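To start, the structure itself, in structure tokens.
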Amino acid sequence: MRINCASPSRMTVTQVDEFLRKPPPGFSVERFGSGYRVHSDPEKSLVLIDDFEHCKGKVVFQNSVGRKVKMHNLWEYTSMRKSLLSKNIYLLVSACEEKLSASNKSAASEARVLKQYVVSINGTDPFIRWQMEKGLNWTISSVAGESYRVDVDLSEAVESWAGKSTHIITDELIKAKLVWKDASFTLKYYSDALFDFPHWFGFSKRKFLLRPT
């Protein structure tokens, strides 16, 4: 089921099964072997989804740049920034059952996947665009030119959606203690600084939240 969240123009969550069966405008799906190949228009969509295994086979998004994006120069950064602010952004998130024995840090990686969803964020929406610009500008100003990593976190948005969408959440999800896996994407910028000490010692990691409301 495809569900609009908050403002319908800002965020949409679609179960993977439905996405493959009835892809949104700008996407097409073809079977290959025992899996699926998903095509999209790179002029309109920024897909940040790694290849993944689904109950119906392996799913490959042909034009995806992956959930962790590496940039090595100003041109690559400028191009990625433009895409984030002018296209629909697509992520894969998973609703997982937390293992009681798992620590908070490792729970998501060890948990059993119950459902998978494709989340779409409208980068052209004025409110989303404002948050994205603010977060990117803050990151750049806080790292003084060295290499950095920034995580753009949508976990609060996904959790808010889940809380408002109980009519489509299955009994299995309701009974489980949920952990939302991969509700973020990562930008990694590598500068050409000779001595990039802050990055080497992990001091250049940043994170900001993206909320549809």
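The values are calculated or read from the model by the stated rules, or taken from the named source; none is laboratory data. The model shown is predicted, which means the values in this text are computed figures rather than measured ones. Reconstructed Cβ throughout: ideal geometry from the backbone, glycine too, with neighbour counts over all protein chains shown. All accessible areas refer to the heavy atoms of the entire protein, side chains included, with ligands and DNA or RNA removed. Shrake-Rupley method; radii C 1.70, N 1.55, O 1.52, S 1.80 Å.
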Inset, instruction - Quick one: THR213 ticks every box in (1) surrounded by 17 or more Cβ atoms within 10 Å (Cβ to Cβ); (2) at pLDDT below 90 except a single one, so which number is it? - result: (1)
Inset, instruction - Could you list, in sequence order, all residues of segment 54-64 that are farther than 17 Å from VAL93 by Cβ and of a type outside the set (D, E, K, R)? - result: GLY57, VAL60, GLN62, ASN63
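Residues in segment 19-36 that are more than 22 Å from SER155 (Cα to Cα), of a type outside the set (Val, Ile, Thr) and open to solvent by less than 60 Å² (accessible area, probe 1.4 Å): how many? Write out each step before concluding.
Just the residues of segment 19-36 that are more than 22 Å from SER155 (Cα to Cα), to begin with: 20-36.
Going one step further and asking which of them are of a type outside the set (Val, Ile, Thr), we end up with 20-28, 30-36.
Still in the running and open to solvent by less than 60 Å² (accessible area, probe 1.4 Å): 20, 23-24, 26-28, 35-36.
Counting residues in segment 19-36 that are more than 22 Å from SER155 (Cα to Cα), of a type outside the set (Val, Ile, Thr) and open to solvent by less than 60 Å² (accessible area, probe 1.4 Å) gives 8.
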Inset, instruction - Within segment 175-205, count every residue that is open to solvent by 20 Å² or more (accessible area, probe 1.4 Å), assigned to a strand (DSSP E or B) and modelled with pLDDT of 85 or more. - result: 5
Inset, instruction - Those residues that are in contact (Cβ under 8 Å) with a residue 40 or more places away in the chain and either surrounded by fewer than 16 Cβ atoms within 10 Å (Cβ to Cβ) or among the aliphatic types (A, V, I, L, M) (or both), I need them from segment 89-99; list them, please. - result: ILE89, LEU91, LEU92, VAL93, ALA95
Inset, instruction - Mind listing whichever residues of segment 81-103 are modelled with pLDDT under 95 and part of a loop (DSSP other than H, G, I, E, B)? - result: GLU98, LYS99, LEU100, SER101, ALA102, SER103
Inset, instruction - Tell me, yes or no, whether segment 114-123 has at least one residue that is modelled with pLDDT of 70 or more, surrounded by 15 or more Cβ atoms within 10 Å (Cβ to Cβ) and of a type in the set (Lys, Arg). - result: yes
Legend entry - Residue satisfying all of: in segment 54-88; in contact (Cβ under 8 Å) with a residue 40 or more places away in the chain and of a type in the set (Val, Ile, Thr); farthest from LYS134 (Cα to Cα) among these: VAL59
Inset, instruction - Please work out which one of (1) out of contact with any Gly (no Cβ under 9 Å at 6 or more places or on another chain); (2) at pLDDT 90 or above; (3) part of a helix (DSSP H, G or I) is the condition SER141 fails and give its number. - result: (2)
Legend entry - Where PRO24 falls short, out of the listed (1) in a strand (DSSP E or B); (2) at pLDDT 85 or above: (1)
Legend entry - Every residue from segment 63-80 that is of a type outside the set (S, T, N, Q), modelled with pLDDT of 95 or more and open to solvent by less than 50 Å² (accessible area, probe 1.4 Å): GLY66, ARG67, VAL69, MET80
Inset, instruction - Quickly run through segment 39-63 and pick out the residues that are of a type in the set (Ser, Thr, Tyr) and more than 13 Å from LEU20 (Cα to Cα). - result: SER45
Inset, instruction - Considering only segment 37-53, state which residues are touching a residue at least 24 places away in the same chain (Cβ under 8 Å), open to solvent by 90 Å² or more (accessible area, probe 1.4 Å) and in a strand (DSSP E or B). - result: none
